[in-house]
Amino acid sequence: MNKLNHIHDQIIEIVAQHLGISSEEIHDDATLDSLGMDSSDRVEVIMRIEQELDVEISDARADTLCSVSELVAYVDSLKNV
């Protein structure tokens, strides 16, 4: 498994666990809003992503990440620095 797939799978799993749904229900183009996440859900998910993937996402940047694919791409960019 390459690094991007690993990041993708971890983020999908974090979101799924937080929402109490199956990871198969989450598609890359799904927006966090369409998944039913409110602002407190987003904060908790971002914090868990930071913790589990050892990255730091600023609050200002977190506010601009609206979809699963954007989260994956941004975390991948942080891991490639």
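Quick notes
- Glu52, sole failed condition from (1) free of Cβ contacts under 8 Å to residues at least 40 places away in the same chain; (2) within 13 Å of the chain's Cα centre (by Cα); (3) farther than 17 Å from Glu70 by Cβ: (1)
- Test result for Val81, outside any helix (DSSP H, G or I), open to solvent by 80 Å² or more (accessible area, probe 1.4 Å) and under 18 Å from Asn5 (Cα atoms): yes
- Only one of the numbered conditions (1) touching a residue at least 40 places away in the same chain (Cβ under 8 Å); (2) on the phi > 0 side of the Ramachandran plot; (3) of a type in the set (Gly, Ala, Ser) is violated by Ser69, and that is (2).
- Residue list for the stretch 29-46, restricted to those being loosely packed, with under 14 Cβ neighbours inside 10 Å and either under 10 Å from the mean Cα position of the chain (by Cα) or at positive phi (or both): Gly36
- Residue within the stretch 6-28 that is modelled with pLDDT of 95 or more, touching a Phe, Trp or Tyr at 6+ places or on another chain (Cβ under 8 Å) and open to solvent by 80 Å² or more (accessible area, probe 1.4 Å) present: no
The values are calculated or read from the model by the stated rules, or taken from the named source; none is laboratory data. Because the structure is predicted, anything quoted here is derived from the model rather than measured. Every residue, glycine as well, gets a Cβ built from its backbone with ideal geometry; the counts of neighbours run over all protein chains shown. These accessible areas exclude ligands, DNA and RNA; they are computed on the full protein's heavy atoms, side chains included. Shrake-Rupley method; radii C 1.70, N 1.55, O 1.52, S 1.80 Å.
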